[in-house]
Amino acid sequence: MMRIVVAMSGGVDSSVAAALLAEQGHDVIGLSMQLYPSAGAGQVASDDGQAFGGCCTLDDLHDARRVAAAIGIPHYILNFERRFQDTVVSNFVREYASGRTPLPCAHCNSDLKFSMLLERARGFGAEHVATGHYARVEQDGFGRWTLKRSADPQKDQSYFLFSLTQEQLARAEFPVGRLSKPDVRAQARRLGLTVADKPDSQEICFVPDGDYASFVARREPDLDRGGAIVDEQGRVVGRHGGVHRFTVGQRKGLGVSAPAPVYVVKIDAASGQVTVGPRSSLERTALTASGVNWIAVEPPSWLPVSAQIRHRHHPAPARVRALDSGRAELVFDEPQSAITPGQAVVFYDGDVVVGGGWID
């Protein structure tokens with residue numbers, strides 16, 4: 001049996017992960033992250049006085065503590081406010097300001113949660129860290145650690161974990177990765193956990209109202225300077241209030257009158273220009289990515305993969321090759337719509353995550 005630190009968010013998935021490990025006889029310690037300063041019951045406040053909600057609220061921390069008490073494990077709350085602001089929120093604002101569309105959950109999971117939890121786990125004498133992610137980790141025949149899709153394809157979260165290293169995967173446990181969501185809730189009821197029917201969080205935790213543009217503008221007021229909306233021939237067809245209000249593939253809220261639907265096809269943060277065009281103009285067959293992590297393979301030369309360019313994107317056949325400086329080039333067999341800078345592209349071989357990076 002092992003001493004295992006479990007990241008407890010207060011949701012049903014991490015609660016069941018902790019309870020199953022404790023039931024198996026492991027020495028389990030629950031850790032929860034306080035990511036923002038307190039602002040009253042059920043809410044936390046941002047650094048500009050705006051209330052946050054979603055996950056990791058005070059209510060969530062209380063739920064995690066109640067679950068830990070119910071299953072008889074120690075529970076600690078770690079203050080990660082500054083690291084969360086520096087690692088996740090600042091990146092979110094910076095990406096939108098540069099005309100890209102960020103993926104904060106991936107940065108939070110790997111850059112903050114795993115790295116910090118592994119560091120803190122050693123302080124508790126624990127060599128392993130568990131989370132409630134829907135993913136699997138296994139060793140292959142060569143002794144390398146592999147990241148795999150979960151047993152529940154509808155809940156799979158391996159896309160968000162592509163940057164985990166061999167060292168991190170060697171110490172990672174995903175107890176619910178072999179279960180479906182209904183099975184997890186059934187386990188929670190069997191174990192008598194009060195969070196068995198708690199709804200899943202659907203939004204980005206620090207932008208609970210979904211108004212990303214206002215959130216970004218409060219932190220970067222200069223972004224509201226606006227610019228031109230142009231068609232693919234360069235003709236001005238409208239004006240906008242800042243590039244942070246747009247993402248590639250966006251159709252709604254453009255304020256452009258056209259005989260046929262138009263979409264954002266390009267964002268130029270330097271000039272403040274947003275280019276719109278027909279849906280067909282969103283299709284691309286190739287991309288480059290940076291910050292690429294190859295999980296259990298050497299950087300390849302034209303390796304066949306299935307590639308995912310968004311969390312809900314159906315993986316598409318492609319070939320990928322490593323470039324210098326941690327970059328990669330990917331070519332799809334068929335054109336894909338709305339390949340969006342700032343999002344992650346993740347390479348799969350069946351259920352195995354080969355690697356991934358950030359779309360340039």
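The values are calculated or read from the model by the stated rules, or taken from the named source; none is laboratory data. These numbers were taken from a predicted model, which means no experiment stands behind them. No Cβ is skipped: glycine too gets one built from the backbone with ideal geometry, and neighbour counts run over all protein chains shown.
Taking I267 and the conditions (1) part of a loop (DSSP other than H, G, I, E, B); (2) surrounded by 12 or more Cβ atoms within 10 Å (Cβ to Cβ); (3) within 23 Å of the chain's Cα centre (by Cα), which numbered condition does it fall short on, given that it satisfies the others?
Going through the list (1) part of a loop (DSSP other than H, G, I, E, B); (2) surrounded by 12 or more Cβ atoms within 10 Å (Cβ to Cβ); (3) within 23 Å of the chain's Cα centre (by Cα), I267 breaks only (1).
Any chance segment 341-350 includes a residue that's crowded, with 23+ Cβ neighbours inside 10 Å, outside any strand (DSSP E or B) and either assigned by TED's automatic domain parsing to the domain that holds Y96 or not aliphatic (A, V, I, L, M) (or both)?
Yes; the residues of segment 341-350 include at least one that is crowded, with 23+ Cβ neighbours inside 10 Å, outside any strand (DSSP E or B) and either assigned by TED's automatic domain parsing to the domain that holds Y96 or not aliphatic (A, V, I, L, M) (or both).
Results for (1) surrounded by 15 or more Cβ atoms within 10 Å (Cβ to Cβ); (2) not charged (D, E, K, R), shown as yes or no for each residue.
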position: L112; (1), (2): yes, yes
position: M116; (1), (2): yes, yes
position: R120; (1), (2): yes, no
position: E127; (1), (2): no, no
position: T131; (1), (2): yes, yes
position: R149; (1), (2): yes, no
position: P153; (1), (2): no, yes
position: S158; (1), (2): yes, yes
position: E167; (1), (2): no, no
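Could you list all residues from segment 270-292 that are among the polar types (S, T, N, Q), surrounded by fewer than 19 Cβ atoms within 10 Å (Cβ to Cβ) and assigned to a strand (DSSP E or B)? So that I can check it myself, show each step before the final result.
Keep residues of segment 270-292 that are among the polar types (S, T, N, Q), which gives 271, 273, 275, 280-281, 285, 288, 290.
So of that shortlist, the ones also surrounded by fewer than 19 Cβ atoms within 10 Å (Cβ to Cβ) come out as 271, 273, 280-281, 285, 288, 290.
Result: Q273, T285, T288, S290.
Looking at (1) assigned to a loop (DSSP other than H, G, I, E, B); (2) outside the structural domain of P335 (by TED's automatic domain parsing); (3) not aromatic (F, W, Y), which is the one condition that is false for S214?
(1)
Checking the conditions here, which among P175, P182 is in the same structural domain as D60 (by TED's automatic domain parsing) and either farther than 30 Å from E119 by Cα or of a type in the set (S, T, Y) (or both)? Explain how you work it out, then say what you get.
Details: P175 fails: either farther than 30 Å from E119 by Cα or of a type in the set (S, T, Y) (or both).
Criteria check complete, one pass: P182.
Mind listing just one residue for me: the one in segment 52-105 that is hydroxyl-bearing (S, T, Y) and in contact (Cβ under 8 Å) with a residue 12 or more places away in the chain and, of those, farthest from A18 (Cα to Cα)?
Kept after step one, since they are hydroxyl-bearing (S, T, Y), are these residues of segment 52-105: 57, 76, 87, 90, 96, 98, 101.
Still in the running and in contact (Cβ under 8 Å) with a residue 12 or more places away in the chain: 57, 76, 87, 96, 98, 101.
Details: T57: 19, Y76: 13, T87: 26, Y96: 36, S98: 40, T101: 34 Å.
Per the criteria, the residue is S98.
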